[in-house]
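Here is the structure we will look at.
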Amino acid sequence: MSEAAERQGKETCVPVLTASNVVRRFGGLVAVNNVSFHVKAGEILGLIGPNGAGKTTMFDLLAGSILPTSGDILLNGTRVSGEAAHLRIGRGLGRTFQIPRPLPNLTLIENIMLAAQGQAGEKLLANFLTPWRVAAQEKAARTKALELLELVTLSHLAHEPARVLSGGQRKLLELARVMMADPAIILLDEPAAGVNATLLEVIIDRIRDINARGITFLLIEHNIDMVTRLCHRVLVMASGQLLSEGTAEEVARDPRVIEAYLGGTA
Ligand SMILES: Nc1ncnc2c1ncn2[C@@H]1O[C@H](COP(=O)(O)OP(=O)(O)O)[C@@H](O)[C@H]1O
Ligand SMILES: [Mg+2]
């Protein structure tokens, strides 16, 4: 069993991630206005809403790249509201970016291995005192990186520079990169945007496979077909507030959701 699955198995009753009355202001603008929800262990939860709804701000708050004006964020039951992003990664939260920017001249495997930093190799003193440990960790990281590249169907490009990748392949590399830290939950920001139809099917399949390993997902996506096929539950945000919650079919029928999309800028 993977570390992440084990971690979740022990705490099936505790939501992986909780937002509790979260508010975020930018000057006079309330980008996220008193939003509360849970992400249950093992689910794929969708987050949709018109442009400007506050979805990306919500992701930034969950991941710790910005802090809430008020309200709380809990990871596996622990309050992390004021905690920096790298500490939340250490607690099992992974996040992909809408526009992944791998280092173009490093190979795929080198790009992924960068994500495994923070281990002994980074600490100079440890490096000096226990070089064998560092070498063993590096070897283990390389093996894991190769396995993850295989998982996202990119192993044939492992030693190519990242610049050769298409937009869709970059999204797959991004998925492998976050997996390197053994996340319990992965926040995916628009994984389908700019991806061709063939690669989109690969991405959907990979998300399903990774979810079957016990990893939870929260997914921002405009592609409703993808949301309907993947998400067990969907949250809808509009004008900073949580508007509706249910299955993809349920929220699509909700008159408040229809009005938000018609009245919004999406
Ligand atoms: N750093 C920021 N400074 C000021 N306003 C921001 C900032 N980030 C987002 N906003 C505003 O917050 C609102 C929500 O934006 P965002 O979270 O990006 O929405 P979405 O991702 O749903 O399209 C928008 O009105 C946006 O202009
Ligand atoms: Mg956005």
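Quick notes on this one:
- All of (1) surrounded by fewer than 21 Cβ atoms within 10 Å (Cβ to Cβ); (2) away from ligand 2 (no atom under 16 Å from the Cβ) hold for A41 with one exception: (1).
- Boolean, N127 is of a type outside the set (K, R) and either outside any helix (DSSP H, G or I) or modelled with pLDDT of 95 or more (or both): no
- The range 157-167 - residue that is assigned to a helix (DSSP H, G or I) and not aliphatic (A, V, I, L, M) and, of those, surrounded by the fewest Cβ atoms within 10 Å (Cβ to Cβ): R163
- Residues in the range 44-66 that are more than 9 Å from ligand 1 (Cβ to nearest atom), of a type in the set (A, V, I, L, M) and surrounded by fewer than 20 Cβ atoms within 10 Å (Cβ to Cβ): A63 only.
- Any hit, the range 2-12, residues being within 16 Å of the chain's Cα centre (by Cα) and at pLDDT 95 or above: no
The values are calculated or read from the model by the stated rules, or taken from the named source; none is laboratory data. Worth saying up front: this structure is predicted, and the values here are computed from it rather than measured. Note: ideal-geometry Cβ built from the backbone for every residue, glycine included; neighbour counts use all protein chains shown.
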